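Each remark here refers to the structure printed beneath this line.
No lab work stands behind these numbers, since they all come straight from the coordinates. It should be emphasised that the depicted structure is a prediction, and the values quoted were computed from it without experimental measurement. When we count neighbours, we look across all protein chains shown, and the Cβ atoms used for this are built from the backbone with ideal geometry, even at glycine.
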There are 4 protein chains.
Amino acid sequence: MHTEMLEAHPKDLGGIDKDKLADCIAACFECAQVCTACADACLSEDMVADLTTCIRTDLDCADLCVATGNALSRRTGSDARLTRAFLEACATVCKACGDECAQHAQMHEHCRICAEACRRCEEACRALIATL
Amino acid sequence: MHTEMLEAHPKDLGGIDKDKLADCIAACFECAQVCTACADACLSEDMVADLTTCIRTDLDCADLCVATGNALSRRTGSDARLTRAFLEACATVCKACGDECAQHAQMHEHCRICAEACRRCEEACRALIATL
Amino acid sequence: MHTEMLEAHPKDLGGIDKDKLADCIAACFECAQVCTACADACLSEDMVADLTTCIRTDLDCADLCVATGNALSRRTGSDARLTRAFLEACATVCKACGDECAQHAQMHEHCRICAEACRRCEEACRALIATL
Amino acid sequence: MHTEMLEAHPKDLGGIDKDKLADCIAACFECAQVCTACADACLSEDMVADLTTCIRTDLDCADLCVATGNALSRRTGSDARLTRAFLEACATVCKACGDECAQHAQMHEHCRICAEACRRCEEACRALIATL
């Protein structure tokens, strides 16, 4: 779907790697949804008081991943400096959220899944930065 | 992924149909991304001045689909009245955006794809409302 | 600022009451920020386990208030049916969040402030619906 | 309101400058709303075809300012590295959006107002970075 939309864009994509871009858009929206769901699952755990940093990092990560996925989905008048600013912030926050969730991955399956989504998104951001 | 996260939730999902819920979450995030991309593709068309209502409706739909996808992803303390409020607004806006994009579907492939994503999301919202 | 931007819009505002519209946009963004802050303050309370429904409702309300504030800020190709769909959902969710926060208002100052922001936003939505 | 909510937070704010933080949160939400409104006002201009880069930058800036305003509003388990990542990206995008809008400020009042909101937000982000 992401590739299909990129191919339907009326303008040239400005030399950006289309496959890595489509991967990164997909990873951002997946990570956003999973982080929102993980924050809520943590909130429903009996040990919620031990998961407050995890919830907070999930919420930051969800917000930034949607903003980044949206910015990457826009190709009109693209500016590599801005693309890089979004991607670097997103990679930094995904790394922190992935590290936080990984600490609870053995106890909470939702944190395990979320840590993986964060890693994929961090890697997709870094792979796209490398092509800019 | 959406089903996997729902199954990892520590609490009972409150009697909501898990498959329809997972479908609706996926449809909301897909529709959000496609509407953001369609608004931008319209902006890059030479005939942008004829597509301003389409761009505006795409932006409204993108915002509401993310809000609805997030609300549906949360299961802690769920309240069917609130779920219904999100779903009814989302179905209304997806219907309007799908109708608008369908008018440009023969001329612009991105509008055709977007009209389909809006229809799928509208139907997923209505299917979930029917189970509440 | 909201009134200033509405007055700078190049098109007629389609007969909507400009003062009530500016009030409602301001109330939506204020409520969004306060709900995000209240969810986080609840998360930092020692009794967080008793505040999970409040946190969840705050998060839903924050998301919908931003989406509604954005939609109201857009006047291009406005459609009263869509404006109404956003406003009715937003009033419903603000009512629920205001009621939930009001239950904790005597114990938590952040819930008291948040209950008031939700009430103001609910009323601003209903006042604007009445003019459509 | 932002200061009131920060003072109602149950935990210590982690040594961050409370006034600069409250200013920055307010500037982020103001800039988000103004950018959304400016994108829509540009869309309604007869010369929309000359404003497509401005619209696109406004949309990116609106998304990132909400994400940053939300992240700053959360004080639970705060991490200065993440705060800095949000603020640096936000300052970069506000700078670019302010520069773009400033080019149209003499012709379009909405771009003049938006350029000012972007400058205020950029400065508030840089002032807060300096205290971290």
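Counting Lys and Arg as +1 and Asp and Glu as -1 over every other residue whose Cβ lies under 9 Å from the Cβ of A:Lys95, the net charge comes to -1.
Give me a single rounded figure for B:16-29: the average over its residues of other chain Cβ atoms within 10 Å of their Cβ. Let's see the in-between values first.
Values: counts 0, 0, 0, 0, 0, 0, 0, 0, 0, 3, 1, 0, 1, 7.
Rounded to a whole number, the mean comes out at 1.
Here the calculated FRET efficiency for A:Asp12 and A:Arg84, from their Cβ-Cβ distance with R0 = 22 Å, stands at 0.70, rounded to the nearest 0.05.
Quick check on the protein assembly as shown: take the gyration tensor over C-alpha atoms, sort the square-rooted eigenvalues as a ≥ b ≥ c, and tell me if it's rounded (a/c under 1.5), prolate or oblate. Rounded is the answer for the protein assembly as shown, as its axis ratio a/c remains below 1.5.
Counting only other chain Cβ atoms within 10 Å of each residue's Cβ, the peptide A:116-128 averages 0. Look at the stretch C:50-58: the mean tally of other chain Cβ atoms within 10 Å of its residues' Cβ atoms is 5. Which shape class applies to chain C: rounded if a/c is under 1.5, otherwise prolate when a/b exceeds b/c and oblate if not, where a ≥ b ≥ c are the square roots of the Cα gyration tensor eigenvalues? Taking the square roots of the gyration eigenvalues as a ≥ b ≥ c, chain C is prolate. A Förster distance of 25 Å, applied to the separation of the beta-carbon atoms of C:Lys20 and D:Asp19, puts the FRET efficiency at 0.15.
Dipole magnitude of the protein assembly as shown about its Cα centre, charges +1 at Lys/Arg Cβ and -1 at Asp/Glu Cβ only, in debye to the nearest 20?
Details: 52 positive and 88 negative charges, 0 e Å.
For the protein assembly as shown, the charge dipole is close to 0 debye.
Can you show me the helix-derived [θ] at 222 nm for the protein assembly as shown, built from DSSP H runs with n ≥ 4 at -39,500 (n - 2.57) apiece and divided by the number of residues, rounded to the nearest 500. Walk me through the numbers before you get to the answer.
Details: 20 runs with 392 residues, N = 528.
So the calculated ellipticity at 222 nm is -25500 deg cm²/dmol.
Relative contact order for chain B using alpha-carbon pairs under 8 Å, separation at least 6, rounded to a whole percent? Dividing the mean separation by the residue count of chain B yields 30 percent. Take D:104-117, D:83-96, C:24-37 and order them by the average number of nearby Cβ atoms within 10 Å per residue, most first; the result is C:24-37, D:83-96, D:104-117.
If you take all other residues with their beta carbon under 15 Å from the beta carbon of B:Ala124, and give Lys and Arg +1 and Asp and Glu -1, the sum is -1. Charge dipole of chain B (Cα centre as origin; +1 on each Lys and Arg Cβ, -1 on each Asp and Glu Cβ, all else neutral): 600 debye, rounded to the nearest 20. Approximating the spin labels as points 7 Å out from Cα along Cα→Cβ, the B:Gln106-to-B:Thr3 distance works out to 3.9 nm. Within the same chain, lysines fewer than 8 places from D:Lys11 are excluded, and of the rest, those with a Cα less than 21 Å from its Cα are D:Lys20.
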